[in-house]
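Some notes on the structure that comes next.
The values are calculated or read from the model by the stated rules, or taken from the named source; none is laboratory data. Remember, it's a predicted structure, so these values are computed and weren't measured experimentally. Cβ coordinates were reconstructed from backbone atoms using ideal geometry, including for glycine residues, and neighbour counts include every protein chain displayed.
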Amino acid sequence: MIKVAIVEDIDDIRKGLAMIVNTNDSLECKHTFADADKAFAVLSVQPVDVVLVDINLPGGINGIELVHKLKPVHPHMQFMMCTVYEDSELVFKALKVGATGYILKKTPPAKLLEAIQEIYEGGSPMSAQIARKVISSFQKPVLNDVTQLLTKREQELLDLLAQGFRYKEIADKLSLSIDTIRTHIRNIYRKLEVQSRAEALNKIYPH
């Protein structure tokens, strides 16, 4: 029997999720909570196998913060976000703190039950829209690999900017005119999709 807890502030949704869970003979909804504070107080001492967590919750902490607090206490407890939010930043925040699943509330009941079983068995169920966002993030070019974006001269110029040299000093060092330096700078900004030296340096040297 897979023990499940639900953290959801909207009564009808919370009761509906519990009812769906309990329709499956291999699942049991052990706890339901309307806020994260109560969930943490109970689940920290009475862990379950799978926790369905909404993100936007009333009280002191939200759903992502709840996962962040509970995961170190019970590393084997599985957390699946169940929310309306499809924002990429929230998805990655949740996964980073320990959630291993992310589904949307509009997920059909049968798919929800499959997701609970899957996460319990070691999978990482995600709604199709969320999975696409995750895949897309890995397909973006790696900006810090400057050899793919800038010419050798542009990289040389950017290194001098990072060292604090002014345009005139860079022009003298490279035996170029200031106008040529400005042209290189415009090309660098265009390639990096930035508007200032600070943005360019932060993109290439984030640390």
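Some points to look at:
- Of all residues in region 60-102, those satisfying the criterion of being closer than 16 Å to ILE2 by Cβ and not in a loop (DSSP other than H, G, I, E, B) are GLN78, PHE79, MET80, CYS82, GLY101.
- Conditions (1) buried (at least 23 other Cβ atoms within 10 Å of the Cβ); (2) aliphatic (A, V, I, L, M); (3) more than 23 Å from the chain's Cα centre (by Cα); number of the one not met by ALA5: (3)
- Any hit, region 37-55, residues being touching a Phe, Trp or Tyr at 6+ places or on another chain (Cβ under 8 Å) and either assigned to a loop (DSSP other than H, G, I, E, B) or at pLDDT below 95 (or both): yes
- When residues in region 1-20 are screened for being closer than 14 Å to LYS105 by Cα and among the aliphatic types (A, V, I, L, M), 7 of them pass.
Residue-wise test of (1) under 24 Å from the mean Cα position of the chain (by Cα); (2) within 30 Å of SER136 (Cβ to Cβ); (3) surrounded by fewer than 20 Cβ atoms within 10 Å (Cβ to Cβ).
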site	(1), (2), (3)
MET19	no, no, yes
ASN22	no, no, yes
SER26	no, no, yes
LEU43	yes, no, no
ILE55	yes, yes, no
SER88	yes, yes, yes
GLY101	yes, yes, no
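- Put simply, of GLU114, GLU89, GLU121 the only residue that is acidic (Asp, Glu), farther than 22 Å from ASP54 by Cβ and not assigned by TED's automatic domain parsing to the domain that holds GLU193 is GLU121.
- Scanning region 103-115 for residues that are in contact with a Leu (Cβ under 8 Å, 6 or more places away or on another chain) and in a helix (DSSP H, G or I) gives LEU112, LEU113.
- Any chance PRO58 is assigned by TED's automatic domain parsing to the domain that holds ALA115 and modelled with pLDDT under 95: yes
- If the condition is being under 10 Å from GLY98 (Cβ atoms) and touching a Pro at 6+ places or on another chain (Cβ under 9 Å), then region 75-85 contributes only MET77.
- Region 150-207, subset part of a helix (DSSP H, G or I) and among the aromatic types (Phe, Trp, Tyr), residue surrounded by the fewest Cβ atoms within 10 Å (Cβ to Cβ): TYR189
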